[in-house]
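Please find one structure pasted underneath; my questions will follow.
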Amino acid sequence: MRYSANRKDEVEGAIMPVVWYLLNLLALPIISFAVLVWMAMNTDQSRPLRRAHARAGACMSVLGAFLIISGVAVSWAIYGNTGQFWTAAIVWAIVLHTSFVLWGMIALAQAIGGKPPYFPRRLM
């Protein structure tokens, strides 16, 4: 199979949304989320791999925030302001955050390989 420079450009374009997703989780939460949503909304139809990774990253960011906030709220409703609440909330947030970072690393490997993200397929 011959090497194609056009494929390389498409792969490089797909890496950037995943990098912004990981920056959202690890370094610059609000700024990189805004950039990621902008990428998801403004990526043109000619770059389907980039569009797929941008939409997946934005969807997973919103899903992660929703799951962490709802889990902490349910924990608060069950335990009130006790030590059990704080233990449950911290464990819940750490486990979900770690899971979403791992998803981002898998998505980065897929973007580098020129493949669409595994999840969520429905948005692609």
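Each value in this text was obtained by applying a stated rule to the coordinates, not by laboratory testing. This one's a predicted model, so the numbers in the text were calculated from it and none came from an experiment. Glycine also receives a Cβ, built like all others from the backbone with ideal geometry; neighbour counts cover every protein chain displayed.
Any idea what angle helix 29-42 forms with the longest principal axis of the chain, computed on alpha-carbon atoms, 0 to 90 degrees, nearest 10?
Here the helix axis deviates by roughly 40 degrees.
Which angle from 0 to 90°, rounded to the nearest 10, does the C-alpha axis of helix 83-112 make with the longest principal axis of the chain?
Approximately 10 degrees, to the nearest ten.
In whole percent, what relative contact order does the range 7-58 give with Cα contacts below 8 Å and a gap of six or more residues?
Working: 58 pairs, mean separation 23.3, N = 52.
Across the range 7-58, relative contact order equals 45 percent.
In nanometres, what is the gap between the two model label sites at VAL11 and ALA27, each 7 Å from Cα along Cα-to-Cβ?
2.3
Sticking with this one: Over the residues of the range 1-101, compute the C-alpha Rg and express it relative to 2.2 N^0.38 Å.
Numbers: Rg = 17.7 Å, N = 101, 2.2 N^0.38 = 12.7 Å.
Taking the Cα Rg and dividing by 2.2 N^0.38 Å, one obtains 1.39.
Related question: In the range 2-105, which chymotrypsin sites (Phe, Trp or Tyr not before Pro) are in a loop and have at most 14 other Cβ atoms within 10 Å, using DSSP for the loop call? If you can, show how the numbers build up before the last one.
Values: sites: TYR3, TRP20, TYR21, PHE33, TRP38, PHE66, TRP76, TYR79, PHE85, TRP86, TRP92, PHE100, TRP103; in loops: TYR3.
Listed in order of number, the matching sites are TYR3.
To the nearest 500 deg cm²/dmol, what mean residue ellipticity at 222 nm is calculated for the chain from DSSP H runs of n ≥ 4 alone, each contributing -39,500 (n - 2.57), summed and divided by the residues?
-28000 deg cm²/dmol
Given an 8 Å cut-off on Cα distances and at least 6 residues of separation, report the relative contact order of the range 9-111 as a percent.
Value for the range 9-111: 33 percent.
Still on this structure, I have one more. Provide the packing ranking of 42-49, 113-120, i.e. peptides ordered by the mean count of other C-beta atoms within 10 Å per residue, highest first.
Listed from highest to lowest mean packing, they are 113-120, 42-49.
Could you give the nm distance between label points at PHE66 and ARG47, where each point is 7 Å from its Cα heading toward the beta carbon?
Modelled inter-label distance: 2.7 nm.
Could you give the angle, 0 to 90 degrees to the nearest 10, between helix 5-26's Cα long axis and the longest principal axis of the Cα atoms of the chain?
10
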